[in-house]
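The values are calculated or read from the model by the stated rules, or taken from the named source; none is laboratory data. Computed from a predicted structure; not experimentally measured. With ideal geometry, Cβ positions are generated from the backbone for all residues, glycine too; neighbour counts draw on all protein chains shown. Quick note on the areas: whole protein, heavy atoms, side chains included, nothing else; ligands and nucleic acids left out. Shrake-Rupley method; radii C 1.70, N 1.55, O 1.52, S 1.80 Å.
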Amino acid sequence: MRLNINLPDNFFAKKTAGLTDLPCVCKVMINGNFYLTFSELIFEASGFINEFDNHDINARFPVFGGGSVAQHCNAMIQLQDRGKDQYDVLSLKFFDSSEGWVVLIERGVFVPIDENKYEGY
């Protein structure tokens, strides 16, 4: 999974981008688009994630019913700079109001699916 984003060109943004559990907001669309926004409290920037399959996220986190948005939630992410405004996603957690933090990616790969976690979704 890779994030394409143009971060501010300053020391603070470059240093912060390498931290663990950066707060952000993620919006995964039914059509396969995946947008990520950082808060202005860190650095104001938005980008999109590619090299993923919606099924990998939907199998680990509840999908909204109806509409064009599958998931829209607070998240925490860890990135690794690949250069040219591209970052590998090393870890990703979504926040669910009934479950708390749900880990989707650890060490750059999706975590195993818990078949019973979202029974009924």
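Would you call residue 47 closer than 18 Å to residue 9 by Cβ and at pLDDT 90 or above?
Details: closer than 18 Å to residue 9 by Cβ: yes; at pLDDT 90 or above: yes.
Answer is yes for this residue.
Checking the structure you have, find out if any residue of region 52-63 is in contact (Cβ under 8 Å) with a residue 60 or more places away in the chain, of a type in the set (Phe, Trp, Tyr) and buried (at least 16 other Cβ atoms within 10 Å of the Cβ). First the steps, then the outcome.
Just the residues of region 52-63 that are in contact (Cβ under 8 Å) with a residue 60 or more places away in the chain, to begin with: none.
Within region 52-63 (the criterion being in contact (Cβ under 8 Å) with a residue 60 or more places away in the chain, of a type in the set (Phe, Trp, Tyr) and buried (at least 16 other Cβ atoms within 10 Å of the Cβ)), the answer is no, since none of the residues qualifies.
State all residues of region 31-51 that are open to solvent by 90 Å² or more (accessible area, probe 1.4 Å) and either touching a Pro at 6+ places or on another chain (Cβ under 9 Å) or among the aliphatic types (A, V, I, L, M) (or both); if no residue qualifies, say none.
Across region 31-51, the qualifying residues are 41, 44.
I need the full set of residues from region 64-81 which are open to solvent by less than 80 Å² (accessible area, probe 1.4 Å) and more than 24 Å from residue 98 (Cβ to Cβ), in order please.
78, 79
Out of all the residues in region 98-121, which are modelled with pLDDT of 90 or more, assigned to a loop (DSSP other than H, G, I, E, B) and open to solvent by 70 Å² or more (accessible area, probe 1.4 Å)? Let's see the steps before the verdict.
Quick first cut of region 98-121, residues modelled with pLDDT of 90 or more only: 100-112.
From what is left, the residues that are assigned to a loop (DSSP other than H, G, I, E, B) are 107-108, 111-112.
Within region 98-121, 107, 112 meet the criteria.
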